[in-house]
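**Q** Submitted below is the structure of interest, expressed as structure tokens.
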Amino acid sequence: MSGPLRGIRVIDLTINILGPVATQILGDMGADVIKVEAPEGDAMRHSGLAKNPGMASLFMNTNRNKRSVVLDLKRPAGLEALLRLVETADVFVHSLRPQSAERLNISYRELVARKPRIVYACAPGYRPDGPNFNRPAFDDVIQGESGIADMMGRNAEDPRYIPMVMADKLCGHVLASAVGMALFDRERSGLGQEVVVPMLETMLSFNLVEHLWTNFFETGTKKDLGYARMFSPHRRPYATRDGHICLLAVNDDQWRRLLGVIGRQELARDERFAALAERTRNINQLYAILAEEIKGKTTAEWQRLLDAADIPNGAVVELGSLAEHPYLKATDFFHWYEHPSEGAMVTTAIPVQFGRTPGSIRLPPPRLGEHTQAVLHEIGYSDSDIEDMTGAHSVAAP
């Protein structure tokens, strides 16, 4: 086993997208992730394309490098098995609302008494010390409350969502990062701690990096809020003669080179566009000029000219053609493997590189309860114990 988190055991009580993204990252980095599922399993097992029941695409894409154990935490024997697992673990991650964790007797207060070194992590919709602490929250709700839907609607008639589970995925990455930091602190202090990543505040912090603009809360009209360049109706992939191209110039030197490439060198001396502050105020006009000039050549022609001028650029790539993208082929971004029950499958490679302790893809997404018996054996249960618990519906295996 390789990876910077090798030797770390994670008990994963997460479902849907956010939590499984976080724990998959931990698994990719070498942690032994034990996904504890209710008898009905994670609902994402049934969301998306599937060759067999319970192994749908959304589950498959967020649960590699994990082992699945089925425990009914509403039954004493199932809960006791979980607590025995916690005693062997370094990290405990859940997707429960605070009241549910309290009701099941798996709150931080309960588990830290059993394992003082435990890193206990969750990502609720809102801070636990605020008035919304027990409200449910999903990606669409957070996109609305954090201002994303409003921003997406600035150049349209109505608010709309980004066409992806943006909040879930980003907060999942933040949660994985926060767990890693807590583990680092534990190496120094010897103590675990509770880690909370509230979705709303996390997305607001992310969104306002550029949109917490000068006098953000003091302007009188809605149109003045935020980073103006982001809301330009001309900020979009530029239409070429045969497709679309994306490009961006940021500083004065890049703009001078870009204006030279499109044959409009004189605009670099225009007082509206000569320096950053003026360009920002007149960005709509400049983008409109750029869009008109880009129409005259093919995407490939523009890429050769822009590459020669060292201007960042890239063609718009359709999702369906990504598997054939030359760069992604050269870097082995797509990982093909044979799943024991699902046959030939594909997943994405681990994007983060470590020179000495690289992550790895070791386990395919598990079938529901696939590892129940093996994991229970590891924490001291005998065959007869497991048989009794199975008969009492406290645990389950495939």
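We did not get these values from a lab; they are worked out from the coordinates using the rules stated. Predicted model, so just to flag it, every value in this text is computed and none were measured. With ideal geometry, Cβ positions are generated from the backbone for all residues, glycine too; neighbour counts draw on all protein chains shown.
**Q** Find the Rg to Rh ratio for the range 1-54, where Rh is the Kirkwood radius over alpha-carbon pairs and Rg uses the same atoms.
**A** 1.03
**Q** Follow-up. Determine the gain in length on full extension of the stretch residue 323-residue 211; use 0.36 nm per residue of separation and subtract their C-alpha separation, reporting nm with one decimal.
**A** Stretched out fully, the residue 323 to residue 211 stretch lengthens by 36.9 nm.
**Q** Tell me, what are the semi-axes, in whole angstrom and largest first, of the equivalent ellipsoid of the range 85-180 as set by the roots of 5 times the Cα gyration tensor eigenvalues?
**A** Each semi-axis is the square root of five times an eigenvalue, giving 33, 15, 9 Å.
**Q** How much length is gained on full extension from residue 305 to residue 236, taking 0.36 nm per residue of separation minus their Cα-Cα distance?
**A** That pair, residue 305 and residue 236, stretches by 22.9 nm at full extension.
**Q** In terms of the ratio Rg/(2.2 N^0.38 Å) built on C-alpha atoms, what value belongs to the range 238-315?
**A** Output field value: 1.02.
**Q** Could you state the principal axis extents of the C-alpha atoms in the range 305-354, from the largest down, to the nearest angstrom?
**A** Result, largest extent first: 51, 30, 13 Å.
**Q** Among 181, 44, which comes first, then next, by fewest other beta-carbon atoms within 10 Å?
**A** Ranked by crowding around the Cβ, least crowded first: 181, 44.
**Q** Right, next: Which one of 309, 348, 124 is farthest out on the positive end of the charge dipole of the chain, using unit charges on Cβ (Lys, Arg +1; Asp, Glu -1) and the Cα centre as origin?
**A** 309
**Q** Quick one: Karplus J couplings for the range 59-64, per residue in order, coefficients 6.51, -1.76, 1.60, θ = phi - 60°, nearest Hz, x for Gly and Pro?
**A** Result, ordered by residue: 5, 4, 7, 10, 9, 6 Hz.
**Q** Give me the one-decimal Kirkwood hydrodynamic radius in Å for the chain, with the sum taken over alpha-carbon pairs.
**A** 24.2
**Q** In addition: State the three equivalent ellipsoid semi-axes of the range 1-125, derived from the C-alpha gyration tensor as the square roots of 5 times its eigenvalues, in descending order and whole Å.
**A** They are 23, 18, 13 Å, listed from largest to smallest.
**Q** I want to verify a result. In a Gaussian network model of the chain, Cα cutoff 10 Å, which of these has the top mean-square fluctuation: 270, 32, 185?
**A** Comparing 270, 32, 185 in a Gaussian network model of the chain, the most mobile one is 270.
**Q** Build a GNM of the chain with springs between Cα atoms under 10 Å: which of 275, 228, 89 gets the top mean-square fluctuation?
**A** The residue with the greatest mean-square fluctuation here is 275.
**Q** According to a simple spin-label model (label point 7 Å from Cα along Cα-to-Cβ), what is the distance in nm between residue 335 and residue 102?
**A** Label-label distance for residue 102 and residue 335, simple model: 4.0 nm.
**Q** Multiplying the sequence separation of residue 272 and residue 164 by 0.36 nm and subtracting their Cα-Cα distance, what value in nm do you get?
**A** That pair, residue 272 and residue 164, stretches by 35.2 nm at full extension.
**Q** Counting only pairs 8 or more places apart or on different chains, how many lysine pairs in the chain have C-alpha atoms closer than 25 Å?
**A** 12
**Q** For the chain, modelled as a GNM with alpha-carbon contacts under 10 angstrom, which of 39, 366, 131 fluctuates the most?
**A** Comparing 39, 366, 131 in the GNM, the peak value goes to 131.
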